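Read-outs: derived from the displayed coordinates by stated rules, not from any lab. What you see is a predicted model, and the numbers here were worked out from it, not measured in a lab. For neighbour counting, all protein chains shown are included, and Cβ atoms are generated from backbone atoms with ideal geometry for every residue, glycine included.
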Amino acid sequence: MHPKILAAQPLVTELKKELRHRCEGLKNRGVTPSMCVVLVGDNPASLTYIKNKQKVCEEIGAHFKLIQMPASIAAQDFLSELNKLNQDPSVHGIIIQLPVSESLKALNIPNLVNPEKDIDGFNGVNTQAIYTGTTNLKLLLPCTPKGIINLLNYYGISLDGKNVVVIGRSLIVGKPLSMMLSNFNATVTLAHSKTKNLKQLTQLADIIISAVGKSEFIGSDFLAHHSSQILIDVGINSFDGKLTGDISKEAQDKSLAFTPVPGGVGPMTVISLIENLITATENQVKG
Ligand code: NAD
């Protein structure tokens, strides 16, 4: 049997329709949802990610603004600019595009954004809900984990009692994702670069989620023999001039179902961000 491809597109189309409708509702009340991305420096990968966000933002009728700051900006000047955005009532969602430059590395970036405008869902005020066990995906929660759980849900893949191995423990993906999966009753192993015998863990998993950032990282030897495993590929890598994920074609072929790259987790992340923008705007309008 051929593995099923868990493409984001049908769900993204549905969500865009719903978000366009909610955006229209806000505009009828005199408020155009407005996203502001702060980019420090000119990292080319960051510029590509920002373009994707702008495209979907404008497609649903929201306003998009990019504020670029030099890589050499002093922390104090950065904080003063950010403070203006935090207080500006015409800005409803703020993203500080990561990674930031060396001059800002000492700052606690996730907690600098006004929690009401924190559409990345990284501020401690918002992530707290994850640690207290929420399953409410309408909250301002981190976008990649939220997108992955929504995609699994859309394809009718239950997490209840499932063994899930998440590889990669970053603040934006692995850490919040592992806790959110646990809130949905999965049994989660959070693996990382110091994990021993990783293949033994993945071979026993029902779902393997790779957020490592290395092309072909997951070979077919990471999988069990019975072709009943689901593979979620978070990786975005460039290999031979092509965009690839972390999961090899051999592993995909041996799976029950997998998310493609491109067209899987990436678009789910972007649409979750736009959903957070609309939710944040609705919350701010309510006051
Ligand atoms: P990161 O780059 O900060 O860290 C990589 C993680 O991989 C670390 O936790 C490390 O411990 C783990 N790792 C590295 N080598 C390993 C090994 N040999 N065995 C096991 N674990 C290992 O993580 P990130 O920021 O979450 O990014 C990971 C990948 O996901 C990147 O390719 C990034 O571009 C991509 N990404 C994609 C999306 C999306 O929307 N699709 C969103 C965020 C990140």
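When 180, 268, 1 are sorted by how many other C-beta atoms sit within 10 angstrom of their C-beta, beginning with the fewest, the order is 1, 180, 268.
Between 142, 99, 115, the Gaussian network model of the chain with springs among Cα atoms under 10 angstrom shows the greatest mean-square fluctuation at 99. Taking the Cα centre of the range 188-287 as reference, the dipole from Cβ charges on Lys and Arg (+1) and Asp and Glu (-1) amounts to some 260 debye. Entry note, the chain: the mean residue ellipticity at 222 nm calculated from DSSP H runs of n ≥ 4, each adding -39500 (n - 2.57), is -12500 deg cm²/dmol after division by the residues and rounding to the nearest 500.
Using 31 Å as the Cα-Cα cut-off, could you pick out the over-long pairs in 4/117; 27/51; 55/199; 17/105; 17/254; 84/286? Distance filter (> 31 Å) returns 4/117; 55/199; 17/105; 17/254. With neighbours defined as other Cβ atoms within 10 Å of a residue's Cβ, the residues 223, 256 order from fewest to most as 256, 223.
About the centre of its Cα atoms, the chain shows a dipole size close to 240 debye [charges on the beta carbon of Lys, Arg (+1) and Asp, Glu (-1) only; nearest 20 debye]. A P(r) calculated from all alpha carbon pairs of the range 43-145, with 5 Å bins opening at zero, reads 2, 11, 20, 22, 22, 15, 6, 1, 0 percent.
Structural descriptor for the chain: relative contact order 22 percent, calculated from alpha carbon pairs under 8 angstrom and at least 6 residues apart. Above 21 Å, the calculated P(r) of the range 168-287 contains 43 percent of its Cα-Cα pairs. With the dipole of the chain worked out from charges on the C-beta (+1 for Lys and Arg, -1 for Asp and Glu) around the Cα centre, which of 32, 1, 133 lies farthest toward the positive end? The residue sitting farthest along the positive end of the dipole is 133. Neighbour counts of other Cβ atoms within 10 Å put 206, 118 in the fewest-to-most order 206, 118. Among residues other than residue 123 with Cβ under 11 Å from its Cβ, the summed charge is -2 (Lys and Arg +1, Asp and Glu -1). Taking the Cα centre of the range 107-215 as origin and assigning +1 to Lys and Arg Cβ atoms and -1 to Asp and Glu Cβ atoms, the resulting dipole is close to 400 debye.
As a length-normalised measure over Cα pairs under 8 Å and 6 or more apart, the relative contact order of the range 142-265 settles at 22 percent.
When the Cα positions of 104, 45, 86 are compared along the charge dipole of the range 30-114, 45 comes out farthest toward the positive end, with charges on each C-beta of Lys, Arg, Asp and Glu. For the range 103-229, dividing the convex hull volume of the Cα atoms by the residue count gives 128 Å³ per residue. Comparing 263, 213, 30 in a Gaussian network model of the chain (Cα springs below 10 Å), the most mobile by mean-square fluctuation is 30. DSSP bridge analysis restricted to the chain gives an antiparallel fraction near 10%, rounded to the nearest 5. One quarter of the convex hull surface built on the alpha carbon atoms of the chain amounts to 15.2 nm², the projected area averaged over directions. Packing here is the average count of other Cβ atoms within 10 Å per residue, and on that basis the peptides 169-179, 60-70, highest first, run 169-179, 60-70.
If you average the sequence gap of Cα pairs under 8 Å that are 6 or more apart and divide by the length of the range 70-210, what percent do you get for the contact order? That works out to 19 percent. Got a sec? Charge dipole of the chain, +1 on Cβ for Lys and Arg, -1 for Asp and Glu; which of 248, 184, 56 is way out at the positive end? The one lying farthest along the dipole's positive direction is 184. Along its first, second and third principal axes, ordered by size, the range 117-180 spans 31, 24, 19 Å in Cα coordinates.
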